[in-house]
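Peer 1: Before I ask anything, let me first share the structure, which is written out below as structure tokens.
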Amino acid sequence: TFVKAFSFSNGNLNPLGEFKFPMTSQCLNIRSFPHPSGKAWIIVNAVDSGSVPQTSVLTFSGGKFTEEMRNIKYYLNVVKLPPTYQPVIIGQEAQPPRLFKAGISEMVKQGSTLVPSRRIALPSDANVFNFTYMPAGRGEKDGEKLIVLSPEEHLRTYTAKGARLSESSDRFSGSAVGLEIDPTMPGLGKETVTMASIFYMPMRMLAVDLERDGNYELIVNKPISTASEIFDRYRFFPQSEIHSLFWDGIGLNLQWKTRRIKGSTVDYTIADANNDGIPDLVLCLNTHPGALGVKARKTIVMLYPLDVTKTDPGTAVDRSDVYDTGNR
């Protein structure tokens with residue numbers, strides 16, 4: 001497993017450096033944390049062959065990765081917690097052969113590792129990877145919302161105090177990276193009849209105020225595949241869309257979406273990737289050459305400029321979600 005750094009110039013990605021992990025490590029996801037030192041921490045969640053966390057923290061400078069911390073026995077994530085909504089590192093301990101031990105905490109540096117500090121109050125279906133807070137919009141009286149991705153990949157909306165408000169009928173996220181879960185009760189032996197359950201790593205859920213009008217929206221990935229609705233383990237989505245959702249007082253509703261993307265979204269964020277002063281929706285995706293073209297897949301990065309001052313209210317509505325004539 002490698003972590004690689006690239007520069008973006010003239011539409012090309014140019015390699016700058018790489019860091020190699022042991023062959024026994026399975027990388028789950030990567031998050032960045034704006035450390036006060038000025039060097040962003042690159043948090044790499046990984047597990048060994050026994051599904052025990054081996055999380056590392058890297059920094060990158062001068063074309064070289066430096067491993068600041070290694071073999072942290074916690075799953076880590078970076079979230080913005082109320083009331084300040086400043087990025088913090090949170091962690092959750094593993095509980096093999098199951099996945100998570102109860103309890104999610106803010107993490108602080110102690111010596112050469114990270115250790116838990118303040119416990120975070122969250123609903124029982126939340127884990128270190130599957131939630132985000134959505135600040136209250138301008139004039140909104142019922143406060144910020146907590147959005148949790150359910151095991152079935154539906155979006156559950158809670159109040160900040162944990163009261164459940166709604167759940168989406170559509171599925172979101174759609175990651176192909178997963179970990180096996182042992183569903184048996186401790187002490188009763190390993191289940192050998194049915195297939196092991198898979199926990200698929202939730203993708204980012206970004207709560208942002210793109211128009212800077214005090215109203216927030218939730219940016220999520222919607223995978224599109226008929227086969228995945230029939231076969232739970234089919235995770236190679238031929239198409240995907242990025243949806244922007246807003247709270248309408250009853251549930252999360254669609255504000256805008258991208259047109260159909262020919263490929264499976266791997267990760268995404270919002271950043272000014274080409275330094276032109278305009279924020280971009282940055283997508284990393286795997287192309288879909290067809291059911292028999294696995295070896296022909298390519299990984300590409302796409303930028304969608306988000307200059308809301310140039311939006312055209314007369315743009316035709318994309319009806320692809322209603323009149324679907326393509327291969328799903």
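Peer 1: Which of the residues belonging to the stretch 80-114 are part of a loop (DSSP other than H, G, I, E, B) and either closer than 20 Å to V57 by Cβ or touching a residue at least 40 places away in the same chain (Cβ under 8 Å) (or both)?
Peer 2: Those that are part of a loop (DSSP other than H, G, I, E, B) and either closer than 20 Å to V57 by Cβ or touching a residue at least 40 places away in the same chain (Cβ under 8 Å) (or both): P82, Y85, P96, P97, R98, L99, G111, S112.
Peer 1: Would you tally the residues in the stretch 237-254 being of a type in the set (D, E) and farther than 12 Å from K222 by Cα?
Peer 2: 1
Peer 1: Residue by residue through the stretch 167-181, note down the ones that are modelled with pLDDT of 90 or more and farther than 18 Å from S225 by Cα.
Peer 2: Passing the criteria: only E167.
Peer 1: Restricting attention to the stretch 249-267, and to residues there that are touching a Ser or Thr at 6+ places or on another chain (Cβ under 8 Å), assigned to a strand (DSSP E or B) and open to solvent by less than 60 Å² (accessible area, probe 1.4 Å), which single residue is nearest to L155 (Cα to Cα)?
Peer 2: L252
Peer 1: When only residues in the stretch 268-306 that are over 21 Å from the mean Cα position of the chain (by Cα) and open to solvent by less than 40 Å² (accessible area, probe 1.4 Å) count, which is modelled with the highest pLDDT?
Peer 2: Of everything passing the filter in the stretch 268-306, G290 is modelled with the highest pLDDT.
Peer 1: Considering (1) within 24 Å of M23 (Cα to Cα); (2) of a type in the set (A, V, I, L, M); (3) surrounded by fewer than 13 Cβ atoms within 10 Å (Cβ to Cβ), say which one V44 fails and leave the rest.
Peer 2: (3)
Peer 1: Condition first: in contact (Cβ under 8 Å) with a residue 24 or more places away in the chain and of a type in the set (G, A, S). Now tell me which residues in the stretch 1-59 satisfy that.
Peer 2: Residues satisfying the conditions are A5, G17, S25, S32, A46, S49, G50, S51, S56.
Peer 1: Which of the residues spanning the stretch 141-177 are open to solvent by 20 Å² or more (accessible area, probe 1.4 Å), in a loop (DSSP other than H, G, I, E, B) and of a type in the set (S, T, N, Q)?
Peer 2: Correct list: S168, S169.
Peer 1: For the stretch 60-79, which positions are in contact (Cβ under 8 Å) with a residue 40 or more places away in the chain, more than 22 Å from V47 (Cβ to Cβ) and not hydrophobic (A, V, I, L, M, F, W, C)?
Peer 2: If the condition is that a residue be in contact (Cβ under 8 Å) with a residue 40 or more places away in the chain, more than 22 Å from V47 (Cβ to Cβ) and not hydrophobic (A, V, I, L, M, F, W, C), then G63, K64 are the ones that fit.
Peer 1: Continuing with this model, one more query. Suppose we keep only residues that are under 17 Å from the mean Cα position of the chain (by Cα) and not hydrophobic (A, V, I, L, M, F, W, C) within the stretch 197-211. Which one would you say is surrounded by the most Cβ atoms within 10 Å (Cβ to Cβ)?
Peer 2: Looking at the filtered set, the residue picked out is P202.
Peer 1: Quick check, is R118 open to solvent by 60 Å² or more (accessible area, probe 1.4 Å) and not in a loop (DSSP other than H, G, I, E, B)? Let's see the steps before the verdict.
Peer 2: Numbers: open to solvent by 60 Å² or more (accessible area, probe 1.4 Å): yes; not in a loop (DSSP other than H, G, I, E, B): yes.
Against the criterion (open to solvent by 60 Å² or more (accessible area, probe 1.4 Å) and not in a loop (DSSP other than H, G, I, E, B)), R118 qualifies.
Peer 1: Please work out which residue is nearest to S7 (Cα to Cα), limiting yourself to the stretch 47-67 and to residues that are surrounded by fewer than 16 Cβ atoms within 10 Å (Cβ to Cβ) and hydroxyl-bearing (S, T, Y). Walk me through it before giving the result.
Peer 2: Of the residues in the stretch 47-67, the ones surrounded by fewer than 16 Cβ atoms within 10 Å (Cβ to Cβ) are 48-50, 52, 61-64, 66-67.
The next check asks that each one be hydroxyl-bearing (S, T, Y); those that pass are 49, 61, 66.
Details: S49: 32, S61: 13, T66: 18 Å.
Per the stated criteria, the residue is S61.
Peer 1: Here are some residues: K20, K4, K80. Which one is open to solvent by 80 Å² or more (accessible area, probe 1.4 Å), modelled with pLDDT of 95 or more, farther than 18 Å from Q110 by Cα and of a type outside the set (S, T, Y)?
Peer 2: After ruling out the rest, the residue left standing is K80.
Peer 1: Residues of the stretch 121-140 being part of a loop (DSSP other than H, G, I, E, B) and open to solvent by less than 50 Å² (accessible area, probe 1.4 Å), which ones?
Peer 2: If the condition is that a residue be part of a loop (DSSP other than H, G, I, E, B) and open to solvent by less than 50 Å² (accessible area, probe 1.4 Å), then L122, P123, D125, A126, N127, V128, F129, N130, P135, A136, G137 are the ones that fit.
Peer 1: Check R70, R31 and return the single one that is basic (K, R) and open to solvent by less than 50 Å² (accessible area, probe 1.4 Å).
Peer 2: Being basic (K, R) and open to solvent by less than 50 Å² (accessible area, probe 1.4 Å) holds for just one of R70, R31, which is R31.
The values are calculated or read from the model by the stated rules, or taken from the named source; none is laboratory data. Because the structure is a prediction, the values reported are computed rather than measured. Neighbour counts are summed over all protein chains in view; Cβ atoms, including those assigned to glycine, are modelled from backbone coordinates with ideal geometry. When the accessible area is computed, the model is the full protein with side chains, heavy atoms only, and any ligands, DNA or RNA have been set aside. Shrake-Rupley method; radii C 1.70, N 1.55, O 1.52, S 1.80 Å.
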